[in-house]
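These notes are about the structure you will find just below.
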Amino acid sequence: QVQLVESGGGLVQPGGSLRLSCAASGTIFSIMDMGWYRQAPGKQRELVAGITSGGSTNYADSVKGRFTISRDNAKRTVYLQMNSLKPEDTAVYYCNLMRAIPGYWGQGTQVTVSS
């Protein structure tokens, strides 16, 4: 049973930073290509950053230059460092494989950017 648990969200002012974490269990994490997704109210869930098992990364244009995805295979954890946050980054953030598997979605972590 694969379980992905997100944490690290919160309320932050515009221009601030947050670091999200996603801890994985029940799978061979090191061979998984992982992604961070977000879903804002009234919008579809979107992939914002991905990292392959080899460490290659990719980003949505909306977050490029502000967000950094990384992974620690020993800790079975993937991170999302978010800098220069904007109100439009407000959403629930989830992790999953880069080719998302429906049964792997966790509860997500809420990020709210507001003054």
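The values are calculated or read from the model by the stated rules, or taken from the named source; none is laboratory data. All values derive from a computational prediction rather than experimental measurement. Neighbour counts run over all protein chains shown; Cβ positions are idealised from the backbone, glycine included. Just the protein is used for accessible areas: all its heavy atoms, side chains included, with ligands, DNA and RNA removed. Shrake-Rupley method; radii C 1.70, N 1.55, O 1.52, S 1.80 Å.
Of the residues that make up segment 31-44, is at least one open to solvent by less than 40 Å² (accessible area, probe 1.4 Å), in contact (Cβ under 8 Å) with a residue 12 or more places away in the chain and over 20 Å from residue 88 (Cβ atoms)?
First, pick out the residues of segment 31-44 that are open to solvent by less than 40 Å² (accessible area, probe 1.4 Å): 32, 34-38, 40.
When the remaining residues are screened for being in contact (Cβ under 8 Å) with a residue 12 or more places away in the chain, the result is 32, 34-38, 40.
Cutting the leftovers down to over 20 Å from residue 88 (Cβ atoms) gives us 32, 34.
Yes, segment 31-44 contains at least one residue that is open to solvent by less than 40 Å² (accessible area, probe 1.4 Å), in contact (Cβ under 8 Å) with a residue 12 or more places away in the chain and over 20 Å from residue 88 (Cβ atoms).
Residues in segment 14-22: is at least one on the phi > 0 side of the Ramachandran plot, open to solvent by 30 Å² or more (accessible area, probe 1.4 Å) and at pLDDT below 95? Can you show your working first?
First pass over segment 14-22, keeping only residues on the phi > 0 side of the Ramachandran plot: 15.
Restricting the remaining residues to those that are open to solvent by 30 Å² or more (accessible area, probe 1.4 Å) gives 15.
If we keep only those that are at pLDDT below 95 as well, we get none.
Scanning segment 14-22 turns up no residue that is on the phi > 0 side of the Ramachandran plot, open to solvent by 30 Å² or more (accessible area, probe 1.4 Å) and at pLDDT below 95.
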Inset, instruction - Report whether or not residue 11 is of a type outside the set (D, E, K, R), under 22 Å from residue 103 (Cα atoms), assigned to a strand (DSSP E or B) and touching a residue at least 24 places away in the same chain (Cβ under 8 Å). - result: no
Inset, instruction - From (1) outside any strand (DSSP E or B); (2) surrounded by 14 or more Cβ atoms within 10 Å (Cβ to Cβ), pick out the condition that doesn't hold for residue 5. - result: (1)
Legend entry - Conditions (1) touching a residue at least 60 places away in the same chain (Cβ under 8 Å); (2) over 26 Å from residue 11 (Cβ atoms); number of the one not met by residue 113: (2)
